[in-house]
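Chemist: Below you'll find the structure I mean.
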Amino acid sequence: MGRFHRHDDGTEHEHEGEHDHDHDHGHDHDHEHEGGPDHDHGHDHDHGHDHDHDHDQAPPLSTEHGDLSGYRTGPERVLVLERIFEENDRSAQVNRDLLDTAGIVGINMMSSPGAGKTSLLQHTLAGLDDPARVGIVEGDIETSIDADRLAGYGSQVALLNTSAGFGGECHLDAPMVGSALKRLDLTAMDLLFIENVGNLVCPAEFDVGAHHRVMVFAITEGEEKPLKYPVMFRSVDLVLVNKLDLLPYLDFDMDLFERNLRSINPDAAVIRVSARTGEGIDAWQSWLAERRLPSAAADGIRPAPRTMGA
């Protein structure tokens, strides 16, 4: 099945060139013909010859992204994907309503693998006056390594291994996060970090019920990443540019990176940080403080619902 992608306006398409079969027509392959079973031609095909193949092709799914008519089940796949997103969005709203009722601000933290999310969260928790008021949903395909690193700071931690019952997903979705929320005492917290699986594509496409999306970007990744992965950079409220301590040793052009980011997402805030030295952590803490609500549970007051990205 080819890789689908969801736009901000809710439309979806399947990426050309990212399909699960080979389009090199110089190899042996099977053709399914109308009215007959699959059979192996047993020879190489030169598609420059006059040879009609009736594949019952559907109209192109998206002319903007290339002719995808070769996928006989393309329209059905899009319908399935739409249903998946619709179900996920309903679950995300349930999660967000649950956080709103408890007076909790949810932060979805995303990045590529190794960009420094967990290290930054360690600095963040260490600098909080009351880390016990914080919850963490830790997402990884395998192991409890990152959850164990965060467990010694006094916060509640719920681990989600996506290989255990979720099929090894490369992202967290709303039902997964909903299952983790059931293992946390929401009455005892006012801030929730959702550390998503390391990936620059899929996590940006799934609303998990958080109020804000934060991306950790490491300068070792290169200035061009906003242009190559626009869905991720377009989706976030804040970019934490991490590993500043390596700047003297790299040919990284910070101005070019920020120009590329602005061309994709002119509204995203940028904070330069180092998880190794602690540089910029105060600014990150201030950003959180501006969005974090004072605990109202003691007065029986519940905050007004917030919208995502507000």
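Chemist: Check Pro59, Pro113 and return the single one that is in a loop (DSSP other than H, G, I, E, B) and at pLDDT 95 or above.
Modeler: When all the criteria are applied, what remains is Pro113.
Chemist: Look at segment 230-264 and say how many of its residues are open to solvent by 10 Å² or more (accessible area, probe 1.4 Å) and either in contact with a helix residue (DSSP H, G or I) (Cβ under 8 Å, 6 or more places away or on another chain) or modelled with pLDDT under 95 (or both).
Modeler: The number of residues fulfilling the criteria is 14.
Chemist: Just checking, how many residues over segment 200-241 are farther than 18 Å from Leu172 by Cβ, aliphatic (A, V, I, L, M) and assigned to a helix (DSSP H, G or I)?
Modeler: Qualifying residue count for the region: 2.
Chemist: Right, something else. Considering only segment 157-167, I want to know if a residue exists there that is open to solvent by 20 Å² or more (accessible area, probe 1.4 Å) and touching a residue at least 24 places away in the same chain (Cβ under 8 Å).
Modeler: No: zero hits.
Chemist: Given the criteria among the charged types (D, E, K, R), open to solvent by less than 30 Å² (accessible area, probe 1.4 Å), under 30 Å from Leu246 (Cα atoms) and in contact (Cβ under 8 Å) with a residue 12 or more places away in the chain, does Glu195 qualify?
Modeler: yes
The values are calculated or read from the model by the stated rules, or taken from the named source; none is laboratory data. Worth saying up front: this structure is predicted, and the values here are computed from it rather than measured. Counting neighbours? That spans all protein chains shown, and the Cβs are built from the backbone with ideal geometry, glycine included. SASA here: full protein model, heavy atoms, side chains in, ligands and nucleic acids out. Shrake-Rupley method; radii C 1.70, N 1.55, O 1.52, S 1.80 Å.
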